[in-house]
Amino acid sequence: MQAGDRTLVTDPAETAMLDYVEKLTREPSSVSQADVSGLRDQGFADADVLDIAQIAAYYAFVNRIAEGLGVELEPHRT
């Protein structure tokens, strides 16, 4: 998944979630109500959408802090 390979993802709900997270990560200002509605259409409840957004935002936050401080990954993590 880190390399963007989604060949193993066949569930439409998972695909929608990953598309949303990618858009939120790469182009946060372009996320719209239509994106949230798309997740709801795939069966995600409002609480699920909130969880998805919060987890994506948390990882973005932590990664930016680590990069901003020059934190290097442990050798087994590269």
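FYI, it's all coordinate maths here, none of it is from the lab. This is a predicted model, so every value here is computed, not measured. Cβ: placed from backbone, ideal geometry, glycine included. Neighbour counts: every protein chain shown.
Overview of results
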item: Listed residues LEU50, LEU39, LEU18, most fluctuating in the chain (Gaussian network, C-alpha, under 10 Å); result: LEU50
item: Cα-based Rg and Dmax for region 31-78, where Dmax is the largest Cα-Cα distance (Å); result: 15.4, 42
item: Those GluC sites (Glu not before Pro) in the chain that DSSP places in a loop and that have at most 15 other beta carbons within 10 Å; result: GLU72
item: Length-normalised contact order of the chain in % [C-alpha pairs under 8 Å, at least 6 apart]; result: 27 percent
item: Residues of region 50-78 with amide N under 18 Å of a point placed 7 Å along Cα→Cβ from SER30; result: 57
item: Estimated translational D of region 1-67 in µm²/s (Stokes, Kirkwood radius over Cα pairs; 37 °C; 0.692 mPa s); result: 261 µm²/s
item: Spatial separation of Cα centroids for region 32-78 and region 6-24, in angstrom; result: 13 Å
item: Cut-off 10 Å between beta-carbons: net charge of the residues surrounding ALA13, Lys and Arg +1, Asp and Glu -1; result: -4
item: Helix-only mean residue ellipticity at 222 nm for the chain, each DSSP H run of n ≥ 4 adding -39500 (n - 2.57), per residue, nearest 500; result: -20000 deg cm²/dmol
